[in-house]
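Just below is one structure, and these are the notes that go with it.
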Amino acid sequence: MIIEPIIKGVVAKTAHPYGCEQAVLQQIEYVKQANPIKHGPKRVLIIGGSSGFGLAARIALTFGGCQADTISVSYEHAPSEKGVGSAGYFNNIAFQKHAQREGRIAVNIQGDAFSKQLKLDVVEAIETYFEGEVDLIIYSVASGVRPNPETGELWRSAIKPIDQDVSGATILLEDDSWHETTLTSATEKQAEETIKVMGGEDWESWVDALINSESIAQGCKTIAFSYVGPELTHPIYLDGTLGRAKIDLHQTSHSLNLKLANFDGGAYATVCKALVTKASVFIPGLSPYILALYKIMKEQGTHEGCIEQMQRLFADKLYTDKKVPVDCERLIRMDDWELCSDTQNKVKALMDSLTAENFKELGDYQGYKQEFLRLNGFGFDSIDYSQPVSIDTFVK
Ligand code: NAI
């Protein structure tokens, strides 16, 4: 079959397996020539390792200097009569192929990270492939729903402001159109459910499960990703439902840090830069900021994607012979370049001038759209998209 990009709103409905492999290969090439990770972990569990930051972390740790073996958990779809399969599914296959070629263990476990059974499956995989212990646990799940472990009822996350209505633009990648939207304030229930889905509770239950099964190695660390952003994004992010969930995640990092201190390890919430990923294009009001941010950071030569962020995190911050650098709230700041005042002054000025008519010219819409297409395996010059793909060969 011939696979073309189909986008509905901000959701890609198709993904190209060869393009996804190309995206993985480009990231591998980047980390191989980057500043290497010198004191890194050897046995890594990544929960949410099939795309975005989780995949980039997996690539950096395997190919970027410390030659880690990895077990990754993700929720992805294989090709079926319902569709061609998700990008993360093809990323998993591509990553495994290239990691195994270099003699690395690369285990892909697909299923619901929130479930108790999947945690038991992972403990078993750690026994089988890692001689029973992990050195690093990365929690990188981005999800809209989580089943209540007691009742099975679904908690749903809502991306909304709190105690105010907020207006901003959403950009539909489907037809490159800009839409002014007003988001009404979240109800208390929506705010609470967002904390259940995107806060720290499930991260903690993973670490607890691994402590209880004696799967934590001496010196084991755990990280999860957060976002803070500049003041101009606070109404929709930090002061809204997602921000509340992230504050919960930050608090969880402190209790996990105490638990892992028993193993001479540590836990850190890591604040990353705003980037185009499958998850972030969903956040209404954030797209104009990302268009302006990309434009300015590219001009200043400080722009990073997921892979640059992850390589820098491990090589310069988490695995050096010095103490892990943290701010006064014990957060690792990978958004340091994003929040630099010179960058933010220029971003704010540019954002103020963006409109439905000029955002494609003034902001980096081309870069934004290209990155989105590439997340789904499209837009690579080296791939001939007119050639049919034998999709059945990707069904494992
Ligand atoms: P993504 O959508 O690219 O990746 C999410 C991962 O979670 C995928 O591997 C997916 O398969 C997995 N996943 C989702 N539901 C699952 C489930 N039920 N069971 C197992 N796996 C599941 O997302 P992205 O953007 O990389 O986000 C990862 C983390 O980074 C999130 O906590 C997000 O808030 C945070 N972050 C994202 C930023 C951005 O601009 N994209 C900025 C700062 C932090």
Using Cα pairs closer than 8 Å and at least 6 residues apart in sequence, work out the relative contact order for the chain, in percent. 21
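Report, in deg cm²/dmol and to the nearest 500, the calculated mean residue ellipticity at 222 nm for the chain, where each DSSP H run with n ≥ 4 adds -39500 (n - 2.57) and the sum is divided by the residue count. Working shown, then result.
Numbers: 12 runs with 152 residues, N = 396.
Taking each H run of at least 4 residues, the total per residue is -12000 deg cm²/dmol.
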Restricting to aspartates and glutamates and to Cα separations under 14 Å from Lys8, and discarding same-chain partners fewer than 8 apart, the set is Glu174, Asp175, Asp176
Could you state the orientation-averaged shadow area of the convex hull built on the Cα atoms of segment 111-174, in nm² to one decimal? 8.2
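Nearest 5 percent is fine: what portion of the DSSP beta bridges confined to the chain is antiparallel? Mind showing how you got there, number by number?
On the way: 13 of 40 bridges.
Taking every DSSP beta bridge with both residues in the chain, the antiparallel ones total about 30 percent.
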Tell me, what is a quarter of the convex hull surface for the C-alpha atoms of segment 7-394, in nm² with one decimal? 19.0
Quick query: amide H of Glu76 versus all other amide H atoms, modeled in the peptide plane; which residues come in under 5 Å with a sequence gap of 5 or more or a different chain? Gly111
Over 28 Å between C-alpha atoms is what I'm after, so list which of Lys196/Lys360; Lys13/Lys346; Lys32/Lys360; Lys295/Lys317 land there. Lys196/Lys360; Lys13/Lys346; Lys32/Lys360
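Laboratory data are not the source of any read-out in this text; all were calculated from the coordinates shown. Here the structure is a predicted model, which means the values were calculated and not measured.
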